[in-house]
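Everything below concerns the one structure shown next.
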Amino acid sequence: MAINTKVASAPDLPSPASVLLVVNDARRADTILSGLPSNADVIRIDASFDGAVVGDDDEFDAISKASADIVIVDCGNPSVNAMDRLGEALAICPRPIVMFVEDDDEALAREAVRIGVSEYVVRGLAQERVQPLVKIAIERFRLVQSLHDEVRQLKADLEARKVIERAKGVLMARRGFAEAEAFDAMRRLAMQQGKPLRDVAAYVLVIANTLDDGKSDSLELMRDLATGQDKSVVEIANDIVAVSVLLGEGDERRD
């Protein structure tokens, strides 16, 4: 059952503004609540962690849909399956997670890390520790998210570079461009259309592959691409014309 409450003790903490508190023991829940800041808006969900799953489907839905800045979980001695189920519910909206447990179990600790727990506390629940642990969880979550963002950006940059290199090869083969000339042609088109260079390069590859399959009719080509990209023919018509020029299928090459 979900309960909304305002905490009336402990000094203010700038963040989080709201807390999802998932507990299965009323006494321990009171300890956590007394350690939270007075401005915390708490959504409390009482759930069981001792079986193979976390509570019932209603509790699972409540956990997954609750809107809060941080999650605090006090789950006693959960099973690995229960932790996995909890992770599924919390993964829908990643947030800093503080978890209190009573069992010093290596498998549970590994599962906690896997599901994204920021601060895993074994037999350490005390009112005066709640806010410091929350602060640490928030900073650790921000650091991890920043690292994930950097990795995602690096992967995206690497993929973009591969697409651009392949598109340069297409233009070099079809138009006899030098490598630098092929790159400059796509770069100019990207600037003219206000699109990322990677998108223009991908468009070159799509059209070149389509033309190689014998679909040289302009209207048919536009219909195929519109269907594949979930766009209207009108929305992509200008892109088709511009890239067709690059590939030598439209106007003659312009310096």
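Taken together, the values in this text are just the output of simple stated rules run on the coordinates, not laboratory data. Computed from a predicted model, the values in this text were never measured in an experiment. All Cβ positions, even for glycine, are placed from backbone atoms using ideal geometry, and neighbour counts span all protein chains on display.
The simple Förster model, with R0 at 41 Å and r as the Cβ-Cβ distance, assigns Asp41 and Glu106 a FRET efficiency of 0.70.
Across the cross-link table entries Lys65/Lys162; Lys65/Lys195; Lys168/Lys231; Lys65/Lys155, which are compared at the Cα atoms, the separations over 28 Å belong to Lys65/Lys162; Lys65/Lys195; Lys65/Lys155. Basic side chains Lys and Arg get +1 at the Cβ, acidic Asp and Glu get -1 at the Cβ, and with that the dipole of the stretch 70-210 about its Cα centre reaches some 1060 debye.
What is the calculated FRET efficiency for Ala156 to Arg114, with r their C-beta to C-beta distance and R₀ = 41 Å, to the nearest 0.05? Plugging the Cβ-Cβ distance into 1/(1 + (r/R0)^6) gives 0.95.
The simple spin-label model puts a point 7 Å past each Cα toward its Cβ; for Ala26 and Asp61 those points are separated by 2.6 nm.
Available extension along the chain between Arg187 and Arg174 is 2.9 nm, counting 0.36 nm per residue and deducting the alpha carbon span. Here the gap between Ala91 and Thr227, fully extended at 0.36 nm per residue and compared with their Cα-Cα distance, gives a gain of 45.7 nm.
Charge dipole of the stretch 95-136 (Cα centre as origin; +1 on each Lys and Arg Cβ, -1 on each Asp and Glu Cβ, all else neutral): 300 debye, rounded to the nearest 20. According to the calculation over all Cα-Cα pairs in the stretch 23-123, the P(r) per 10 Å bin from zero is 15, 54, 29, 2 %.
Looking only at Cα atoms, what is the convex hull volume of the stretch 76-159 per residue, in Å³?
About 102 Å³ per residue, rounded to a whole number.
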